[in-house]
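Bear in mind these aren't lab numbers, they're just calculated from the coordinates by the rules spelled out. Computed from a prediction, not measured in an experiment: that's the story for all the values here. Backbone-built Cβ (ideal geometry, glycine too); neighbour counts: all protein chains shown.
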Amino acid sequence: MRLRRAIALSFLAPALAVAPATAQEPPLEERQIIAPGVKAGGIDVGGQSVAQAAQSLDLALRPHVERPVLVKSAGREFELTAAQARIKFDPLRTAKRAYYEGRDKGPGVEVELALKHSDDRVRAFAERVDREVSRRPRNASVRITLTRVFLRKGKSGRTINEHQLARTIDKLLADPDRNREVRAKLNPDRPAVRSRDMRRRYNTVVTVDRDHLVLRLFKGLRHRETYDIAIGSAGFDTPAGLFSVQSKQVNPAWHAPNRPWAGSYAGRTIPGGAPDNPLKARWLGVSGSVGIHGTAEEWSLGTRASHGCIRMRVSDVIELYRRVPMGTPVLIR
């Protein structure tokens with residue numbers, strides 16, 4: 001009797017071992033049923049299991065999710081592909097969101113897609129578009145020669161708002177249903193230095209022509225007057241360069257340098273207006289001890305006779321002094 005029971009149990013044991021395998025439950029994603037009317041990306045996944053919804057979303061949305069963005073600007077087109085933007089769409093995660101939000105909030109809820117992209121890649125793309133279509137503005141400038149003052153007018157450039165473009169692309173990539181064609185508006189990019197700035201800055205210009213021994217006055221970028229002058233003699237050359245009026249004095253005192261050529265005046269200060277003061281009427285300092293002044297030795301005009309300064313007739317220097325403000329550019333060449 002015991003033998004027959006043992007044999008019967010030996011046959012029953014394999015059957016008991018197999019029984020749990022035949023009763024194994026399906027995966028959780030197949031057992032979780034999404035509430036009716038729940039949508040993701042505009043797709044109704046209600047009544048589907050999470051696994052079925054993931055497959056439905058992948059088939060319906062991936063072609064839209066991975067569409068490139070096309071940017072048009074300045075007659076050119078730029079394409080940002082899904083790979084370049086590093087777009088990642090997770091339909092299974094989206095389906096799980098649909099299940100849990102449908103369960104917690106009830107039927108008819110719209111869930112957000114599990115969709116992301118690289119913000120850095122989008123910004124880099126927008127910056128590249130800006131570089132390709134932008135044109136830098138040109139600042140106005142002035143070129144001074146002895147006989148003319150040339151104004152090179154400023155010119156506006158163009159640019160796009162790359163930050164706004166990046167934000168727009170971010171929104172498009174987050175919504176696969178939206179049109180992914182963007183027109184990036186070109187905006188004027190004004191120069192930092194405009195023509196009127198140059199006209200104001202160079203409203204008055206003085207040039208000293210050492211070869212022809214004349215001084216020219218320009219007002220409003222136009223030549224207005226030419227004056228005869230004397231300049232430095234050999235060994236006391238009037239310096240060349242672009243300077244500016246650094247000081248102005250009426251009847252200036254003369255601080256005689258302690259040099260042999262100053263003779264008995266060396267190291268002395270001769271008051272302004274004194275008969276033996278060689279600086280007559282007005283002084284416009286341009287470089288160190290070199291300046292423009294009137295002279296009683298009008299016979300020296302048209303020659304190289306000074307110790308570096310620029311001599312003028314008294315009447316001429318008084319007129320020049322009145323018309324030339326501090327800071328006026330002075331070109332000596």
Self-check item: Computed helical MRE - 222 nm, the chain, DSSP H runs ≥ 4 contributing -39500 (n - 2.57), nearest 500
Solution: -9500 deg cm²/dmol
Quiz item: What Rg and what Dmax come out for the chain when only alpha-carbon atoms are used, in angstroms?
Solution: 44.4, 157
Quiz item: How high is the relative contact order of the chain, given as a whole-number percent (alpha carbon pairs under 8 Å, six or more residues apart)?
Solution: 13
Quiz item: Are there GluC sites (Glu not before Pro) in segment 257-333 that DSSP marks as loop and that have at most 14 other Cβ atoms within 10 Å, and which are they?
Solution: GLU297
Quiz item: Is any helix in the chain, taking whole DSSP H runs, at least 15 angstrom long along its axis by alpha carbon and on average at least -0.5 on the Kyte-Doolittle scale, and which ones?
Solution: 2-22, 50-65, 162-174
Self-check item: Other-chain or far-sequence residues with amide H under 5 Å of GLY273's (modelled H)
Solution: ALA281
Quiz item: Peptides 285-294, 267-276, 60-69: what's the order by average Cβ count within 10 Å, highest mean first?
Solution: 285-294, 60-69, 267-276
Quiz item: Which of the listed residues, GLY232, VAL330, VAL286, is farthest toward the dipole's positive end in the chain, when Lys, Arg count +1 and Asp, Glu count -1 at the beta-carbon?
Solution: GLY232
Quiz prompt | For segment 203-332, the spread of Cα positions along each principal axis, largest first, Å | solution = 44, 28, 25
Self-check item: Residue-wise HN-Hα coupling along segment 272-287, computed from phi with Karplus coefficients 6.51, -1.76, 1.60 (Hz; x: Gly, Pro)
Solution: x, x, 5, x, 8, 7, x, 8, 8, 6, 9, 9, 10, x, 10, 7
Quiz item: Taking R0 as 56 Å, what's the FRET efficiency between ASP276 and ARG138 from their Cβ-Cβ distance, rounded to 0.05?
Solution: 0.55
Practice problem: Calculate the translational D of segment 191-247 in whole µm² s⁻¹ from Stokes-Einstein, where the hydrodynamic radius comes from the Kirkwood formula applied to all Cα pairs, the temperature is 25 °C and the viscosity 0.890 mPa s. | Solution: 186
Quiz item: Under a point spin-label approximation (7 Å from Cα along Cα-to-Cβ), what is the ASN251-GLU30 distance to one decimal in nm?
Solution: 11.5
Self-check item: Ordering of 119-126, 180-187 by burial proxy (mean other Cβ atoms within 10 Å per residue, highest first)
Solution: 119-126, 180-187
Quiz item: Under 30 Å from the Cα of LYS219, which lysines turn up, not counting those fewer than eight places away in the same chain?
Solution: LYS153, LYS155, LYS248, LYS280
Exercise. State to the nearest 20 debye the size of the charge dipole of segment 159-228 about its Cα centre, where the only charges are +1 on K and R beta carbons and -1 on D and E beta carbons.
Key: 340
Self-check item: Computed lengthening from ASN187 to ALA262, 0.36 nm per intervening residue step minus Cα-Cα distance
Solution: 20.5 nm
Quiz item: What are the principal axis extents of the Cα atoms in segment 51-151, in Å, biggest first?
Solution: 87, 25, 20
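Roughly speaking, what is the stretch gain from ASP175 to ARG93, that is 0.36 nm per residue apart minus the C-alpha to C-alpha distance, in nm to one decimal? Display every interim value, and only then the final one.
Values: separation 82, 0.36 × 82 = 29.52 nm, distance 1.65 nm.
Going from the current span to full extension adds 27.9 nm.
Over segment 130-279, calculate the relative contact order: mean separation of alpha carbon pairs under 8 Å at least 6 apart, over the residue count, as a percent. Write out the running numbers ahead of the final one.
Numbers: 222 pairs, mean separation 24.9, N = 150.
The value is 17 percent.
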Quiz item: Which one of ALA253, GLY267, LEU221 has its Cα pushed farthest toward the positive end of the charge dipole of segment 203-332, where Lys and Arg give +1 and Asp and Glu give -1 at the Cβ?
Solution: LEU221
Quiz item: Label 7 Å along Cα→Cβ of ILE318; segment 256-279 residues with amide nitrogen under 14 Å?
Solution: 273
Quiz prompt | Residues of type aspartates and glutamates that LYS39 reaches as a straight line, Cα spacing below 16 Å, ignoring anything fewer than 8 places off in the same chain | solution = ASP58, ASP90, GLU101, ASP104, GLU110, GLU112, ASP175, ASP177
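What's the magnitude of the charge dipole for the chain around its Cα centre, counting Lys and Arg as +1 and Asp and Glu as -1 at the beta-carbon? Answer in Debye, nearest 20. List each step's numbers first, then the result.
On the way: 58 positive and 35 negative charges, 165 e Å.
It comes to approximately 800 debye.
Could you tally the net charge around GLY272, taking each other residue with its Cβ under 12 Å from the Cβ of GLY272, Lys/Arg +1 and Asp/Glu -1?
Numbers: positive: LYS280, ARG282; negative: ASP276.
Net local charge, GLY272 excluded: +1.
To the nearest 20 debye, what is the magnitude of the charge dipole of segment 203-332 about its Cα centre, counting +1 on the Cβ of each Lys and Arg and -1 on the Cβ of each Asp and Glu? Intermediate results must be reported in sequence, preceding the final value.
Working: 15 positive and 10 negative charges, 72 e Å.
So the dipole magnitude of segment 203-332 works out to roughly 340 debye.
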